[in-house]
Amino acid sequence: MSVETSSFRSRMRTLTDGAVTALSILATLLVVAPLVAIFVYLVYKGARSLNLAFFTQIPKPEGESGGGMANSIVGSGIILAVASALGIPVGIGGGIFLAEFGRGTKLANAVRFTADVLNGVPSIVMGLAVYALMVFPKGTIFPFMGHFSAMSGGVALGIMMIPTVCRTTEEMLLMVPHAVREAALGLGVPNWRSVLSITVKTASPGIITGCMLAFARVAGETAPLLFTALGNPYMSTSLNQPIEALPLQIYVFANGPYEDQHRLAWAGSLVLIVLIVLAVALVRYVASRGVLKGAS
Amino acid sequence: MVLCALSIFVIVALILWQLVLRSQLTWERFGLAFFYQTFTNPDSHQPMYWDPVNERFSALPFVYGTLVSSFLALLIAVPLSIGLAVFLTEMCPGFLRGPLAFLTELLAAIPSIIYGLWAFYALVPLLRDYVNPGLARYLGWTGFFENDNPTGLGYFAAGVILAVMILPIISSLTREVMNAVPHSQREAVLALGATRWEMIRMGVLRNARIGIVGAVILGLGRALGETMAVTMVIGNTPEIHRSLLSNGTSMAAVIANEFTEAVSNMHTSALIEIGLALFVVTIIVNAIAQLLVWAVTRGTPAQAR
Amino acid sequence: MGVGIEVKDLNAWYGTNHTLQDINLHIPANHATALIGPSGCGKSTFVRCLNRMHETNPIARVTGLVRIGELDIYNDAKPVQIRRRVGMVFQRPNPFPTMSIYDNVASGLKLNGFRNRRVLDEVVERSLRDSALWDEVKDDLRKKSGASLSGGQQQRLCIARALAVDPEVLLMDEPASALDPVSTSKIEDLIFELKSQYTIVIVTHNMQQAARVAEKTGFFLNGRMVEFDSTHKIFTNPSDKRTEDYITGRFG
């Protein structure tokens, strides 16, 4: 029996093949379009409001023109510093455990799974939890509790960084060739020391990359700060007071009725997205140069 | 180091504990009915769900809004994501692959507030002026598209911006599972005399389908919890409407909007209970998705989300 | 029925690597032809040129003439058409793991639009009988997946899948090298049975295998075909010294 197909069928198959190719290209264009659109729009609306005042002044009272977002830039910096101080060490520690000391154990599997799931929890829930934990309880003796503060904002963002940093650290460490570890062990170095000094150092470009990614991600977060840092129209550097943050200020300004505030919101968005694009590009550059340059 | 790793469990437990603790008031008052009860407005005799002044709370419109906008987002995003993934893995010329992958990564990194801004100022007017009238005219017969909303906000706008936001996740994870399919499978299909699409369909997508489902569910998980972009375009009206073009609300949006100005402890508790529900649901959805993806890639998916 | 294959001035490249140089030979119909040679000599590349699988690699290039039967496969036909008429079995068995045994065998037919259940049933059974797998799987056709069989069975399944579309030529790239001796000998018996119906080209590392199953043998070295003659002559009285060195084990 011969399996000769009709030429109609052959033509249909070729047509289908072509149609799918066209659709895939269309899909790609449709995905790229919003990105380009957002960028163009941001530059268009944001660039003209970007001046020195933006970076050096705090917002003027409502209705007055001019002013800047210096307080939110400083505020974001402070919050992110707190977040990194919490998120990076704990995350890296967890990652080291997963990759080096707990590899293959049930505990490590459970931690890994939970970390991945935690990464998907909405950021607003994180904010709520930290609110309940730190902002709500009144009349305690602990510092930073009982009111909105920069610290609570930093904690909320820091908690978000932990699972991300933990997993990327683990993955980077797993990429270190076994030969490197064996060389250290062969020299008679005890396991924990070899891990810390050699393996981690080898994987450090990748680990740093992971931290940068986590940092960039939380730098743009608004929701968790809504009820922790709360916002502050004045320049503040205190950890114990409400503080402004760039994404937060953008949200409030964009929702407000004042044209001047809208202007600032656009400028702020432009600054934010430029920083994030730089961060992503930097991460890609470091990654492409080889995570394991130290190992070769 | 162990302590650091254990912190993950501590964080989950902490969140759960705090949310449960602070939502006690409404839990005790309404129980499970909190999520589906309907009150009636004594003046207009219309269904009413959210009345902070009289302390009558129902989460139904928020659950409805979250589900509607998320599934709409999936409807739009899934075909586009898979199309993009197919293009990038199987059809794309080598020199384009890097830049396109970089663009997709950028899409994933854009903060939600910026999506919200752009959606409100650029996307919504576009929809209002060009798309919604068309939808109402041609698809109005389905009952889902009545164009009586002059603002252009609503479930549909939220669905569109959500789709843009979850596209990169679904797409990159789909690419990952597609790349995990061994090359020998592609060759086997080609050797039988298949066209390129037939090879992709039979040799790659078929083998990767469990992982793709996982990627889609992961996208769903992200859409369910998305806050800032949704709250700026959904209209923030605690009502239930069938038309996708009408104003609505979502669980995350109402929390963002009302929390700092909550009028009473009961109000706060209601909002926190909504947050608790969001937490539980996204945990379950993400857990299922992770299991599916893990089953295909057999091990730790290399992703920094 | 099988057809003969004529190859004239075939050259192939992987990027700048000139993998095949000036290959000329005629492969007889309804016979088994073996291609031997050390690793990297180009025999696998050659075979992949016969069903235009070589060009699936973006940096691959081919020049020259390959005529299968009456058809100039590079100038007068498209790859999709060729690959239906020239079947291929790979070194590592690659059945479709998400499909049942039945669906695996029927996959090629379904691609070509055959939906009639009776026709499919008939072809599936015939193909499985021809590949000596029918008795072992006939009760589990739809219940077991293609990947649940043993290595040797999987390879016979791949052979059945290739046979189901009724090719004229069957290419086999080291089909038994990943299998145990028992499965290997089953495959060899199979080739013996099949060659009366198809033209078979088999690439092998195993000289004894070539001697057992093939009427003609070609010896490849460094991208060139050094000698092509009856198997008996190659193994007992080769014309070229390089062939003799290879046969007697002085290299490769």
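What's the total number of residues in the stretch B:26-83 that are among the hydroxyl-bearing types (Ser, Thr, Tyr), at pLDDT below 90 and within 30 Å of B:Ile166 (Cα to Cα)?
Here is the first cut: in the stretch B:26-83, the residues among the hydroxyl-bearing types (Ser, Thr, Tyr) are B:26, B:36, B:38, B:40, B:44, B:49, B:58, B:64, B:66, B:69-70, B:81.
Of the ones still in play, those that are also at pLDDT below 90 are B:26, B:36, B:38, B:40, B:44, B:49, B:58.
Still in the running and within 30 Å of B:Ile166 (Cα to Cα): B:36, B:49, B:58.
So the answer is 3.
Quick one: how many residues across the stretch B:132-153 are touching a residue at least 24 places away in the same chain (Cβ under 8 Å), in a helix (DSSP H, G or I) and of a type in the set (A, V, I, L, M, F, W, C)?
The qualifying residues number 2.
If C:Thr243 passes every condition in (1) in contact (Cβ under 8 Å) with a residue 12 or more places away in the chain; (2) out of contact with any strand residue (DSSP E or B) (no Cβ under 8 Å at 6 or more places or on another chain); (3) hydroxyl-bearing (Ser, Thr, Tyr) but one, which one does it miss?
(2)
Every residue in the stretch A:66-84 that is surrounded by fewer than 17 Cβ atoms within 10 Å (Cβ to Cβ) and at pLDDT 80 or above, please.
Within the stretch A:66-84, A:Gly77, A:Ala81 meet the criteria.
Given (1) within 11 Å of chain B (Cβ to nearest Cβ); (2) in contact with a Leu (Cβ under 8 Å, 6 or more places away or on another chain); (3) polar (S, T, N, Q), identify the lone condition not met by A:Asn109.
Result: A:Asn109 passes all but (2).
Out of B:Ile274, B:Ile234, report the one residue that is at pLDDT 90 or above and either surrounded by fewer than 24 Cβ atoms within 10 Å (Cβ to Cβ) or touching a Ser or Thr at 6+ places or on another chain (Cβ under 8 Å) (or both). Give the steps one after another, and end with the answer.
Numbers: B:Ile274 fails: either surrounded by fewer than 24 Cβ atoms within 10 Å (Cβ to Cβ) or touching a Ser or Thr at 6+ places or on another chain (Cβ under 8 Å) (or both).
The conditions single out B:Ile234.
Do we have any residue at all in the stretch A:212-226 that's more than 9 Å from chain B (Cβ to nearest Cβ) and touching a Gly at 6+ places or on another chain (Cβ under 7 Å)? Outline the logic, then answer.
Within the stretch A:212-226, the first condition is being more than 9 Å from chain B (Cβ to nearest Cβ), and the residues that meet it are A:212, A:215, A:218, A:224-225.
Subset that is touching a Gly at 6+ places or on another chain (Cβ under 7 Å): A:224-225.
The answer is yes; a qualifying residue exists.
List, please: which pairs have Cβ atoms under 8 Å, are six or more places apart or on different chains, and start with a residue in the stretch C:49-77 that is farther than 16 Å from C:Gln21 by Cα and within 11 Å of chain B (Cβ to nearest Cβ) and end with one that is among the aromatic types (Phe, Trp, Tyr) and surrounded by fewer than 16 Cβ atoms within 10 Å (Cβ to Cβ)?
C:Asn57/C:Tyr14; C:Ile59/C:Tyr14
Just name the residue that is surrounded by the most Cβ atoms within 10 Å (Cβ to Cβ) out of those in the stretch A:234-272 that are out of contact with any Asp or Glu (no Cβ under 9 Å at 6 or more places or on another chain) and among the hydroxyl-bearing types (Ser, Thr, Tyr).
Among them, the one singled out is A:Ser269.
Looking at B:Gly152, is it over 30 Å from B:Met199 (Cβ atoms) and away from chain A (no Cβ under 11 Å)?
Values: over 30 Å from B:Met199 (Cβ atoms): yes; away from chain A (no Cβ under 11 Å): yes.
It is true that B:Gly152 is over 30 Å from B:Met199 (Cβ atoms) and away from chain A (no Cβ under 11 Å).
List the pairs whose first member sits in the stretch B:1-22 and is under 21 Å from B:Leu271 (Cβ atoms) and more than 7 Å from chain A (Cβ to nearest Cβ), whose second member is buried (at least 16 other Cβ atoms within 10 Å of the Cβ) and modelled with pLDDT of 90 or more, and whose Cβ atoms are under 6 Å apart, counting only residues at least 6 apart or on separate chains?
Sorted first by the residue in the stretch B:1-22, then by its partner, the list stays empty.
Test of understanding: among B:Ile113, B:Ile76, which residue is within 11 Å of chain A (Cβ to nearest Cβ), within 23 Å of B:Arg242 (Cα to Cα) and under 17 Å from the mean Cα position of the chain (by Cα)? Talk me through it step by step, then tell me what you get.
Details: B:Ile113 fails: within 23 Å of B:Arg242 (Cα to Cα).
Answer to the selection: B:Ile76.
Please verify whether A:Val90 is over 30 Å from B:Ala253 (Cα atoms), part of a helix (DSSP H, G or I) and facing chain B (nearest Cβ under 8 Å), treating the condition exactly as stated. Explain how you work it out, then say what you get.
On the way: over 30 Å from B:Ala253 (Cα atoms): yes; part of a helix (DSSP H, G or I): yes; facing chain B (nearest Cβ under 8 Å): yes.
In short, yes.
Against the condition of a type in the set (Gly, Ala, Ser) and within 16 Å of the chain's Cα centre (by Cα), how does A:Gly93 come out, does it pass? Let's see the steps before the verdict.
Working: of a type in the set (Gly, Ala, Ser): yes; within 16 Å of the chain's Cα centre (by Cα): no.
No; evaluated as a whole, the condition is false for this residue.
Please tell me if B:Ile161 is buried (at least 24 other Cβ atoms within 10 Å of the Cβ) and aliphatic (A, V, I, L, M). Don't jump to the end; show me each part of the working.
Numbers: buried (at least 24 other Cβ atoms within 10 Å of the Cβ): yes; aliphatic (A, V, I, L, M): yes.
Yes; evaluated as a whole, the condition is true for this residue.
Just to be sure, is B:Gly193 at pLDDT below 95, assigned to a loop (DSSP other than H, G, I, E, B), at the interface with another protein chain (Cβ under 7 Å from one of its Cβ atoms) and crowded, with 24+ Cβ neighbours inside 10 Å? Even if it seems obvious, please write down each step before you answer.
Details: at pLDDT below 95: yes; assigned to a loop (DSSP other than H, G, I, E, B): yes; at the interface with another protein chain (Cβ under 7 Å from one of its Cβ atoms): yes; crowded, with 24+ Cβ neighbours inside 10 Å: yes.
For B:Gly193, the condition - at pLDDT below 95, assigned to a loop (DSSP other than H, G, I, E, B), at the interface with another protein chain (Cβ under 7 Å from one of its Cβ atoms) and crowded, with 24+ Cβ neighbours inside 10 Å - is met.
Every residue, every condition in (1) in a helix (DSSP H, G or I); (2) over 22 Å from A:Val117 (Cα atoms); (3) touching a residue at least 40 places away in the same chain (Cβ under 8 Å); (4) hydrophobic (A, V, I, L, M, F, W, C), yes or no:
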site	(1), (2), (3), (4)
B:Ser243	no, yes, yes, no
B:Asn247	no, yes, yes, no
B:Leu271	yes, yes, no, yes
B:Leu276	yes, no, yes, yes
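Applying the selection to the stretch C:153-168, what residues are in contact with a helix residue (DSSP H, G or I) (Cβ under 7 Å, 6 or more places away or on another chain) and not in a helix (DSSP H, G or I)?
C:Val165, C:Pro167, C:Glu168 - these are the residues of the stretch C:153-168 that are in contact with a helix residue (DSSP H, G or I) (Cβ under 7 Å, 6 or more places away or on another chain) and not in a helix (DSSP H, G or I).
Each row is one residue, and each column tells you yes or no for (1) within 17 Å of B:Val2 (Cα to Cα); (2) within 13 Å of chain B (Cβ to nearest Cβ); (3) crowded, with 19+ Cβ neighbours inside 10 Å.
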| residue | (1), (2), (3) |
| --- | --- |
| A:Ile25 | no, yes, no |
| A:Phe54 | no, no, yes |
| A:Glu64 | no, no, no |
| A:Leu118 | no, yes, yes |
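How about the stretch C:13-63: which of its residues are surrounded by fewer than 16 Cβ atoms within 10 Å (Cβ to Cβ), part of a strand (DSSP E or B) and not aromatic (Phe, Trp, Tyr)?
If the condition is that a residue be surrounded by fewer than 16 Cβ atoms within 10 Å (Cβ to Cβ), part of a strand (DSSP E or B) and not aromatic (Phe, Trp, Tyr), then C:Asn17, C:His18, C:Gln21, C:Asp22, C:Asn24, C:His26, C:Arg61, C:Thr63 are the ones that fit.
Looking only at the stretch A:122-147, count how many residues are facing chain B (nearest Cβ under 9 Å), surrounded by fewer than 24 Cβ atoms within 10 Å (Cβ to Cβ) and either more than 18 Å from A:Asn240 (Cα to Cα) or of a type outside the set (Gly, Ala, Ser) (or both).
In the first step, residues of the stretch A:122-147 are kept if they are facing chain B (nearest Cβ under 9 Å); the result is A:122-133, A:136.
Checking the rest, the ones that are also surrounded by fewer than 24 Cβ atoms within 10 Å (Cβ to Cβ) come to A:132-133, A:136.
Next, only the ones that are either more than 18 Å from A:Asn240 (Cα to Cα) or of a type outside the set (Gly, Ala, Ser) (or both) stay: A:133, A:136.
Summing the residues that are facing chain B (nearest Cβ under 9 Å), surrounded by fewer than 24 Cβ atoms within 10 Å (Cβ to Cβ) and either more than 18 Å from A:Asn240 (Cα to Cα) or of a type outside the set (Gly, Ala, Ser) (or both) in the stretch A:122-147 gives 2.
Could you grab the pairs with beta carbons closer than 8 Å, sequence gap of 6+ or different chains, first residue in the stretch C:171-195 and touching a residue at least 60 places away in the same chain (Cβ under 8 Å) and within 22 Å of C:Ile5 (Cβ to Cβ), second one in a loop (DSSP other than H, G, I, E, B) and of a type in the set (Phe, Trp, Tyr)?
C:Asp173/C:Phe90; C:Pro175/C:Phe90
Restricting the search to the stretch C:80-98, which residues are without any contact (Cβ under 8 Å) to a residue 60 or more places away in the chain and either more than 11 Å from chain B (Cβ to nearest Cβ) or crowded, with 18+ Cβ neighbours inside 10 Å (or both)? Write out each step before concluding.
Initial filter on the stretch C:80-98 (without any contact (Cβ under 8 Å) to a residue 60 or more places away in the chain): C:80-83, C:96-98.
Those that are without any contact (Cβ under 8 Å) to a residue 60 or more places away in the chain and either more than 11 Å from chain B (Cβ to nearest Cβ) or crowded, with 18+ Cβ neighbours inside 10 Å (or both): C:Val80, C:Ile82, C:Arg83, C:Phe96.
Taking A:Ala19 as the residue in question, decide whether it is assigned to a helix (DSSP H, G or I), of a type outside the set (S, T, N, Q) and more than 34 Å from the chain's Cα centre (by Cα). So that I can check it myself, show each step before the final result.
On the way: assigned to a helix (DSSP H, G or I): yes; of a type outside the set (S, T, N, Q): yes; more than 34 Å from the chain's Cα centre (by Cα): yes.
Criteria met by A:Ala19.
Go through the stretch B:205-226 and count every residue that is under 30 Å from C:Leu170 (Cα atoms) and either buried (at least 24 other Cβ atoms within 10 Å of the Cβ) or at pLDDT below 90 (or both).
Initially, the stretch B:205-226 is screened for residues under 30 Å from C:Leu170 (Cα atoms), giving B:205-208.
Okay, now just the ones that are also either buried (at least 24 other Cβ atoms within 10 Å of the Cβ) or at pLDDT below 90 (or both), so B:208.
Residues meeting the conditions: 1.
Output the residue which, of all residues in the stretch B:283-293 that are modelled with pLDDT of 90 or more and buried (at least 21 other Cβ atoms within 10 Å of the Cβ), is farthest from B:Gln18 (Cα to Cα).
B:Ala289
Quick one: is A:Pro233 touching a Lys or Arg at 6+ places or on another chain (Cβ under 8 Å) and either of a type outside the set (Asp, Glu) or within 11 Å of another protein chain (Cβ to nearest Cβ) (or both)?
On the way: touching a Lys or Arg at 6+ places or on another chain (Cβ under 8 Å): no; either of a type outside the set (Asp, Glu) or within 11 Å of another protein chain (Cβ to nearest Cβ) (or both): yes.
No, not satisfied.
The values are calculated or read from the model by the stated rules, or taken from the named source; none is laboratory data. Values in this document were obtained by computation on a predicted structure and should not be read as measured data. Don't worry about glycine lacking a Cβ; one is built from the backbone with ideal geometry, like all the others, and counts go over all protein chains shown.
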